[in-house]
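Asker: If you scroll down you'll find the structure; I have some questions about it.
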Amino acid sequence: MKKISVLGAGSWGTALALVLADNHHDVHMWGHRQELIDQINEKHENHDYLPNVTLPASIKATTDMKQALEGAEAIIVAVPTKAIREVLKQANELISSKVPFVHVSKGIEPDTLLRISQMIEQEVPAAQREAVVVLSGPSHAEEVGLRHPTTVTVSSENIEAAQFVQDCS
């Protein structure tokens, strides 16, 4: 069992937290809206982003990023592209060991046209970043949340980190 931190409590972050919890990992989600975090912890649902899906009670959600990241063995970045730099700057101050960063968001940065993996490389010092891993696929959060068969794949310049992430999901 690995401790995995998921930054972002939207549909994709929630769906991936569900998969990780189903695979018996210690999942800590961070989100910025207290009412959504309370809903995840108390009702085991994320009605705003993933209605009709019951979440495992083992998922721990918080608005405290330090609590979410403490002891993480991997960090899933599931926030919108426009928020990635701000969220990573907050996370940098709290990361105590070198871990893989897994990005699952789509898009490029409008002003720079950088890929998300490039943004992570710019924002997260190499001393805190074991690798950047991209998780992608022809899947939708709703399908994953309802546990429908679907496919995702990972890619990284660091094969060990990619295999680690693949084995977690």
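Every number in this text was worked out from the coordinates using simple rules, so none of it is lab data. These numbers were taken from a predicted model, which means no experiment stands behind them. Glycine gets a Cβ as well: all are built from the backbone with ideal geometry, and neighbour counts include every protein chain shown.
Asker: I'd like to verify something in the chain: which complete DSSP H helices, judged by Cα projection on the helix axis, reach 15 Å or more and average at least -1.0 on the Kyte-Doolittle scale?
Answerer: Qualifying helices, which must be both long enough and hydrophobic enough, are 11-22.
Asker: While we're on this one: Collect residues whose amide H, placed 1.01 Å from N in the peptide plane, falls under 5 Å from the amide H of R129; neighbours closer than 5 in sequence don't count.
Answerer: V99
Asker: Order the peptides 143-155, 100-112 from the highest to the lowest mean number of other Cβ atoms within 10 Å of their residues.
Answerer: Highest mean packing first, the order is 100-112, 143-155.
Asker: What is the chain's relative contact order, in percent, from Cα pairs under 8 angstrom and six or more apart in sequence?
Answerer: Answer for the chain is 22 percent.
Asker: Once you order the gyration tensor axes a ≥ b ≥ c over the Cα atoms, which shape class does the range 44-108 get: rounded for a/c under 1.5, otherwise prolate or oblate by comparing a/b with b/c?
Answerer: Cα axes put the range 44-108 in the oblate bin.
Asker: Determine the percent antiparallel among the DSSP beta bridges restricted to the range 1-146, to the nearest 5.
Answerer: Here the antiparallel bridges make up roughly 10 percent for the range 1-146.
Asker: For the chain, rounded, prolate or oblate, judged on the Cα gyration tensor with a ≥ b ≥ c (square roots of eigenvalues), a/c < 1.5 rounded, else prolate if a/b > b/c?
Answerer: Here the chain falls in the rounded category.
Asker: Which whole-number percent gives the relative contact order of the range 39-104, counting Cα pairs below 8 Å spaced six or more residues apart?
Answerer: Answer for the range 39-104 is 29 percent.
Asker: Among the listed pairs K3/K106; K3/K43; K3/K89; K66/K98, which have their C-alpha atoms separated by more than 18 angstrom in this model?
Answerer: Flagged as over cut-off: K3/K106; K3/K43; K3/K89.
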